Amino acid sequence: MKIFKIIALSYILVLTLDSCKKEPENQWKVEVKNTAEKVELTDISKEFYNQDIPLEQFKAKFPWFQGTVSDADFGKRRADAEEIKIYKEAAGKIDEAKLQKELQDLFAHIKYYFPQFKSPKVYLFSSALQMIQDPIFYDSKGNLLFIDITGFMGDGNANYKGLELYFQKSMNPQNIVPKVSQIFAESIVTESPDHQKFIDKVILNGKIMMLQDAFLPDTPDYLKMNYTQKQYEWAVANESNIWNYFVESNLIFGDDPRLVERFISPGPFSKFYTEIDNESSPQIGIFTGWQICKAYFRLKPETKLADFLKLDATKIFNEAVYKPKKP
């Protein structure tokens with residue numbers, strides 16, 4: 001069944017008409033007093049590759065950075081020309097002042113909704129491309145946030161040769177803050193082991209995306225999804241078709257674990273098992289869950305964010321009355 005065919009002229013007309021409509025008010029644009037602790041960025045690798053700083057002095061300042069690497073190998077790495085070259089290229093892509101401001105704003109928004117939140121210490125570093133597929137790590141025990149800058153050197157960077165293209169699409173400097181936000185959102189939203197149906201997974205991720213909206217009210221939606229602009233536009237244009245597919249295929253309340261791999265896990269595209277697969281946007285189940293949660297808030301805008309996160313997925317689904325309109 002060809003359910004994702006879009007007539008280009010009709011789509012352009014819809015976009016044109018939509019652009020003439022008044023933008024709905026963003027309920028997440030709130031006045032946030034910058035009560036979060038001041039964010040300071042520490043570039044560990046800047047000191048690591050600085051031969052003027054004695055190794056013992058560096059180790060005393062960052063005792064956890066060496067890990068299980070021997071002193072001999074650690075010393076060699078400090079002078080490795082290729083590693084230094086990669087670090088300098090990566091560092092040149094990052095506007096630290098801009099990143100500091102955006103992280104400060106992010107943490108202030110998190111604290112607005114969750115007053116117990118404390119801004120983490122933020123460390124930038126280079127893994128020399130060893131951690132680029134998972135470049136952000138949060139140590140909750142020490143409240144330390146680590147950002148591997150070699151994971152954000154830009155889509156198509158020569159250093160990423162051989163890496164799956166779908167990974168590269170979210171490896172740009174503008175992806176750093178949305179990915180940091182996602183890590184904190186995921187730590188707030190809890191999953192119940194008793195709720196493993198597809199709708200539970202979809203709404204769980206929808207809740208995470210609602211936190212992304214609240215934490216990043218001025219960030220483009222496509223960046224929150226780790227999409228390109230084109231991937232986001234495809235998801236929006238096909239929202240109704242996607243939902244019809246889920247309904248007609250009886251997937252909503254299904255419990256086949258393969259549905260997560262098909263529609264939620266990272267990948268180059270979503271797996272509808274139709275001729276459109278290669279053109280589809282990945283993780284479309286997350287996008288759908290986001291739209292369901294948005295529909296809920298449109299009907300119940302007075303709902304407190306913390307209260308919403310406690311709601312059962314089925315309750316959210318039923319009360320959202322989600323019926324996407326055809327483009």
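Annotations for the structure displayed:
- For the range 191-320, the residue among Ser249, Phe297, Ile284 whose Cα projects farthest onto the positive side of the dipole built from Cβ charges is Phe297.
- Here is the size of the range 191-320 from its Cα atoms: Rg then Dmax, 14.1, 42 Å.
- Kirkwood estimate for the range 169-251, i.e. one over the average of 1/r between Cα atoms, Å: 14.2
- Helix 81-93 axis, angle to the chain major axis (alpha carbon atoms, nearest 10°): 50
- Amide H contacts under 5 Å for Leu41, placed H, 5+ residues apart: none
- With a Förster radius of 25 Å applied to the C-beta separation of Glu319 and Asn244, the computed FRET efficiency comes to 0.75.
- Beta bridges assigned by DSSP with both partners in the range 41-188 are antiparallel in approximately 35 percent of cases.
- Separation of alpha-carbon centers, the range 232-268 and the range 151-207, rounded to whole Å: 17
- Given charges at beta-carbon only (K, R positive; D, E negative), |dipole| of the chain in Debye: 640
- For the chain, the longest principal axis of the Cα atoms and the long axis of helix 96-113 meet at an angle of about 50 degrees.
- Relative contact order of the range 88-212, taken over Cα pairs closer than 8 Å and 6 or more residues apart, is 21 percent.
- For the range 248-312: Kirkwood Rh in Å [reciprocal of mean 1/r, alpha carbons]: 13.6
- Of the cross-linked pairs Lys169/Lys325; Lys101/Lys121; Lys141/Lys304, those separated by over 26 Å at the C-alpha level are Lys169/Lys325; Lys141/Lys304.
- Gain in span if fully extended, Ala79 to Lys98, counting 0.36 nm per residue against the direct Cα distance: 3.9 nm
- Look at Val236, Val247, Val260, Val180 and count the other Cβ atoms within 10 Å of each Cβ; fewest to most, that gives Val247, Val260, Val236, Val180.
- Shown in residue order for the range 61-75 are the 3J(HN,Hα) couplings computed by the Karplus curve 6.51 cos²θ - 1.76 cosθ + 1.60 at θ = phi - 60°: 7, 10, x, 8, 6, 6, x, 9, 6, 5, 4, 5, 5, 4, x Hz (x for Gly and Pro).
- For the range 41-188, the fraction of C-alpha pairs farther apart than 27 angstrom is 25 percent.
- Relative contact order, percent, the chain [alpha-carbon distance under 8 Å, six or more residues apart]: 17
- Per-residue Cβ neighbour counts within 10 Å put Ile276, Ile53, Ile176, Ile284 in the sequence Ile53, Ile276, Ile176, Ile284, beginning with the fewest.
- MRE, 222 nm, helices only [DSSP H, n ≥ 4, -39500 (n - 2.57), over the chain, to nearest 500]: -14000 deg cm²/dmol
- Option label - Cα extents along the principal axes in Å computed here, alternatives [x] 65, 44, 43; [y] 65, 52, 37; [z] 115, 43, 36: [x]
- Given charges at beta-carbon only (K, R positive; D, E negative), |dipole| of the range 41-188 in Debye: 280
- Here the dipole of the range 191-320 is about 240 debye; that uses its Cα centre as origin and unit charges on the Cβ of Lys and Arg (positive) and Asp and Glu (negative).
- Working note: Karplus 6.51/-1.76/1.60 with θ = phi - 60° gives the range 41-55 the couplings 9, 10, 8, 4, 5, 4, 7, 4, 8, 8, 5, 6, 9, x, 4 Hz, where Gly and Pro are set to x.
- Once you reduce the range 89-147 and the range 277-313 to the center of their Cα atoms, the two points are 25 Å from each other.
FYI, it's all coordinate maths here, none of it is from the lab. Here the structure is a predicted model, which is why all the values come from computation and not from measurement. Because the Cβ atoms are built from the backbone with ideal geometry, glycine has one as well, and the counts that use them run over all protein chains shown.
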